[in-house]
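*Asks:* So that we are looking at the same thing, I have put the structure below in structure tokens.
The values are calculated or read from the model by the stated rules, or taken from the named source; none is laboratory data. Worth saying up front: this structure is predicted, and the values here are computed from it rather than measured. So basically every Cβ, Gly included, is an ideal-geometry build from the backbone, and we count neighbours across all protein chains shown.
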Amino acid sequence: MKDALLEIGTESLPARFLAPMLRQLETKAAEFLKEHRLPCAGIRSFGTPMRQALLLTGLPEASEPETREVTGPPARLLKDAAGNFTPQAAGFARSQGVSPEALTTVTLPKGEFLAAQKTLPGEPAAEILAKVFPALLSALEFPKSLVWEETRFRFARPIRTLVALYGARVVGFQVADVRSGGKTRGLAALGGKPVKLASPGKYVDTLRNESILVDVAERREALLETLGAAAKDTGGRIDLDPELLHTVLCLTEHPVAVVGHFDQRFLELPQALLMKVLKRQLMFFPVLNARGGLAADFVGVRDGISEGQKEVQVGFERVLTARLSDARFFFDRDRETPLAVKAEGLARVSFQKGLGTMGDKTVRGAELSRWIVGQLLQDRDLDADAVERISRLCCADLLTGVVGEFPELQGVMGGVYARHEGLPEKVALGLEEFYFPAAAKAPLPTSAEGCIASLSAKLDTVCAMLAGGFKPTGSEDPFALRRLGVGIVRILLEKQLPLSLPAAADQALALVASTGASISFDRPAAREEVLEFLWQRFETQALEQGYRIEELRAVKEGGLENLVRTYQRLAAVHLLRAEADFPALAQAFKRASNILRQAAAKGLSSLGDGVQPSLLAEASEKDLYDALCRAEGEVREKVAQGLYEPGLRILVGLKPQVDRFFDDVLVMADDESIRDNRLRLLSRMLSLFKSIADISQM
């Protein structure tokens, strides 16, 4: 058994490319080796931005032999009348390298045929690897690829070296005009001199001796260790942002922390802005003081060895000072103009083709938020003025220099500038949290006013984009409409807002048609699409919480009129479906639904009048009617109070009367008046059930 190694020496890969590439190396190598019948005891990847490697352990000298059954001519052509092998049989045997006597017959769907057992011998491992390694390079996929040489081979970054070993022997092949060999490059900070690799098993140790930590886990430990030592030097606590840690890990071969400092006056900048400059622009780790605020220190990470640290520190500090000076310039200039004045400039910023400007969008959002406040005022105390101010100023910070430089600070900077102007904290906080939730499970806006302003803008975007034909398709959602839809659903549910989404969608679509949109659209069709889109978001949330699709179908009718109550109905159905009587009752309910549907299709009953007790002929239908009358008042009272579980439990208690009714009563009686009365009785029962759930869907 021997080990094998493939190392791809590249120009520096983007940090986000490295981890997916290493996973692909392992999975695709396993597929190729299996395809070539070459067993392997272990497959492991290693990687830095400058080199990505695959170590294969426990490879045999050759692949496993394979026996294949090959079919040939029909079995009747095996021998002629004289008992001799026919030319067809002899030719088939010769082509498969066996004697005619070794041929067998097999039965296939089309009849019996001659067959030969053909054994393919094992192939030397080195020859297989010479085919697998270049195929593996060609199979790797990246978000973006480059072409840089005459063969026009595509890869994430130009390939500069290739190492391919099977044991101590070089596996020869050529890709992108680079020929494989047995030497890799040393650390770039030390000149990148050639380093000979004696064997695959010594790969990690050899590179470690050259100050290259090619094992990602080992490099992570080294990064955390050097950051920990730096933290002691600062006397503070390093902000170990996981995303920044991963990025720095994927941009270094030998991480070494360097402590730096910046002028205290820059601490006057908003902390969110300082963090963006440090972490996003320069990939420096911020240092926090004992109170959790930013200190005037930072930790940068160099790729190399601990020499010339002072020079590196000075360089880091010089770059940071320049970036912070730019940030201060933008911040100071932005504060010269009030947000309300900036908002006027939104009339010159396009929202989306055919859907008006950002100014039009803020007007629509403000109008919609005013309407929503009117719908909710009877249920809660709301500051209508604050909601409208948030809605009208929410996009003003898009025209600031800071947000132009750091789009991720949308909203955050709106809140900062609002506080600087002395606007009420409720307005400033609403602007700061306007884009919440930033992800499916991220926090919502804190205040009810902030939630309503955010909800209005999200609903306007969803309605406008769907009406304009900008629909998500499959996994593609370039405008993040699904995230906005989830935000709408979460705000309504978690803030317990009893808002009718159908009515809100009508209002939003009317505003789109009248404010800024130059496109024409079918409003009823757009309304239906918007409501189905929002229901799907509610379904997704509920399914993730363990509810089942048939339970959701049971509460879908009218479900968007009040999502809060729909969720309560859903919870009641989910809880009671486990009870013994529920499945049989659901079947009876479905039977009743089918009877009513068939009767309506035949025009047998208008169901216009109430049940007439005098026409109830059978004891069991009288019992059902009496039980239904007793239950109706209680159920409607429970429904009015939002007590759906007790209400549904009362309905489940009707099962004995329902069972006897279907056992003893022929609904479709010959007597028209009796038949119609029984249909009205079933309709009344179903209507009462549907006030909670349509359990025929279960």
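*Asks:* Pull up segment 1-25, narrow it to residues that are charged (D, E, K, R) and farther than 19 Å from residue 220 by Cβ, then point me to the one that is surrounded by the most Cβ atoms within 10 Å (Cβ to Cβ).
*Replies:* The residue in question is 7.
*Asks:* Only one of these is charged (D, E, K, R), in contact with a Phe, Trp or Tyr (Cβ under 8 Å, 6 or more places away or on another chain) and at pLDDT below 90: 577, 591. Name it.
*Replies:* Exactly one residue qualifies, and that residue is 591.
Residue-by-condition table, conditions (1) without any contact (Cβ under 8 Å) to a residue 40 or more places away in the chain; (2) in contact with a Cys (Cβ under 8 Å, 6 or more places away or on another chain); (3) under 20 Å from residue 49 (Cα atoms):
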| position | (1), (2), (3) |
| --- | --- |
| 211 | no, no, yes |
| 216 | no, no, yes |
| 219 | no, no, yes |
| 222 | yes, no, yes |
| 240 | no, no, no |
| 245 | yes, no, yes |
| 277 | no, no, no |
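*Asks:* Please identify the pairs in which a residue from segment 428-455 that is part of a helix (DSSP H, G or I) has its Cβ atom under 6 Å from the Cβ atom of a residue that is surrounded by fewer than 22 Cβ atoms within 10 Å (Cβ to Cβ) and of a type in the set (Asp, Glu), counting only partners at least 6 apart or on another chain.
*Replies:* What qualifies is 449/383.
*Asks:* Consider only pairs whose beta carbons are under 8 Å apart and that are at least six residues apart or on different chains; among these, list those whose first residue lies in segment 134-150 and is not assigned by TED's automatic domain parsing to the domain that holds residue 172 and whose second residue is surrounded by fewer than 16 Cβ atoms within 10 Å (Cβ to Cβ) and in a helix (DSSP H, G or I).
*Replies:* none
*Asks:* Does segment 152-173 hold any residues that are β-branched (Val, Ile, Thr), in a strand (DSSP E or B) and touching a residue at least 24 places away in the same chain (Cβ under 8 Å), and which are they?
*Replies:* 159, 161, 163
*Asks:* Consider residue 538 carefully, then state whether it is in a helix (DSSP H, G or I), more than 12 Å from residue 459 (Cβ to Cβ) and either out of contact with any Asp or Glu (no Cβ under 7 Å at 6 or more places or on another chain) or assigned by TED's automatic domain parsing to the domain that holds residue 452 (or both).
*Replies:* Spelling it out, residue 538 is indeed in a helix (DSSP H, G or I), more than 12 Å from residue 459 (Cβ to Cβ) and either out of contact with any Asp or Glu (no Cβ under 7 Å at 6 or more places or on another chain) or assigned by TED's automatic domain parsing to the domain that holds residue 452 (or both).
*Asks:* Let me ask you something else. Determine, yes or no, whether residue 637 is touching a helix residue (DSSP H, G or I) at 6+ places or on another chain (Cβ under 7 Å) and at pLDDT 85 or above.
*Replies:* Considered against the rule, which asks whether it is touching a helix residue (DSSP H, G or I) at 6+ places or on another chain (Cβ under 7 Å) and at pLDDT 85 or above, residue 637 comes out as no.
*Asks:* Mind checking which residues of segment 293-345 are acidic (Asp, Glu) and either outside any strand (DSSP E or B) or touching a Lys or Arg at 6+ places or on another chain (Cβ under 7 Å) (or both)?
*Replies:* Scanning segment 293-345 gives 307, 311, 317, 326, 332, 334, 336, 344.
*Asks:* While we're on this one: State which residue is surrounded by the most Cβ atoms within 10 Å (Cβ to Cβ) when the search covers only segment 506-547 and only residues that are among the basic types (Lys, Arg) and farther than 24 Å from residue 574 by Cβ.
*Replies:* Within segment 506-547, the match that is surrounded by the most Cβ atoms within 10 Å (Cβ to Cβ) is 527.
*Asks:* So which residues in segment 174-202 are assigned to a strand (DSSP E or B), touching an Asp or Glu at 6+ places or on another chain (Cβ under 6 Å) and surrounded by fewer than 20 Cβ atoms within 10 Å (Cβ to Cβ)?
*Replies:* Scanning segment 174-202 gives a single hit, 195.
*Asks:* Can you tell me which condition residue 579 does not meet? The list is (1) crowded, with 18+ Cβ neighbours inside 10 Å; (2) part of a loop (DSSP other than H, G, I, E, B); (3) of a type in the set (Asp, Glu), and all the others hold.
*Replies:* Looking at each condition in turn, residue 579 falls short on (1).
*Asks:* Sticking with this one: Taking only segment 123-151 into account, find how many residues are in a helix (DSSP H, G or I) and among the hydroxyl-bearing types (Ser, Thr, Tyr).
*Replies:* Final tally of qualifying residues: 1.
*Asks:* Something else now. Does residue 664 count as surrounded by fewer than 19 Cβ atoms within 10 Å (Cβ to Cβ) and in contact with a Ser or Thr (Cβ under 7 Å, 6 or more places away or on another chain)?
*Replies:* Taking the combined requirement at face value, the residue satisfies it.
*Asks:* Still on this structure: Check every one of the helices (runs of 4 or more DSSP H) wholly within segment 633-698 and list those with 3 or more residues that are assigned by TED's automatic domain parsing to the domain that holds residue 587 and over 48 Å from the mean Cα position of the chain (by Cα).
*Replies:* Per the criteria, 655-664, 672-690.
*Asks:* With respect to residue 207, determine if the residue is among the hydrophobic types (A, V, I, L, M, F, W, C), crowded, with 18+ Cβ neighbours inside 10 Å and either in a helix (DSSP H, G or I) or not assigned by TED's automatic domain parsing to the domain that holds residue 194 (or both).
*Replies:* The answer is yes for residue 207.
*Asks:* So which residues in segment 48-70 are at pLDDT below 90 and touching a helix residue (DSSP H, G or I) at 6+ places or on another chain (Cβ under 9 Å), if there are any at all?
*Replies:* 70
*Asks:* Just to be sure before I move on: is residue 599 in a helix (DSSP H, G or I), in contact with a Ser or Thr (Cβ under 6 Å, 6 or more places away or on another chain) and either among the small types (Gly, Ala, Ser) or farther than 28 Å from residue 579 by Cβ (or both) in the structure I sent?
*Replies:* So residue 599 fits the description; yes.
*Asks:* Of all the residues that make up segment 358-384, how many are free of Cβ contacts under 8 Å to residues at least 12 places away in the same chain and either aliphatic (A, V, I, L, M) or under 20 Å from residue 397 (Cα atoms) (or both)?
*Replies:* Result for segment 358-384: 1.
*Asks:* Hey, another quick one. Taking residue 45 as meeting all but one of (1) closer than 21 Å to residue 111 by Cβ; (2) in contact with a helix residue (DSSP H, G or I) (Cβ under 6 Å, 6 or more places away or on another chain); (3) in a strand (DSSP E or B), write down the number of the exception.
*Replies:* Residue 45 satisfies all of (1) closer than 21 Å to residue 111 by Cβ; (2) in contact with a helix residue (DSSP H, G or I) (Cβ under 6 Å, 6 or more places away or on another chain); (3) in a strand (DSSP E or B) except (1).
*Asks:* Please indicate, with yes or no, whether at least one residue in segment 476-494 is surrounded by 22 or more Cβ atoms within 10 Å (Cβ to Cβ), more than 19 Å from the chain's Cα centre (by Cα) and part of a loop (DSSP other than H, G, I, E, B).
*Replies:* Within segment 476-494, not a single residue is surrounded by 22 or more Cβ atoms within 10 Å (Cβ to Cβ), more than 19 Å from the chain's Cα centre (by Cα) and part of a loop (DSSP other than H, G, I, E, B).
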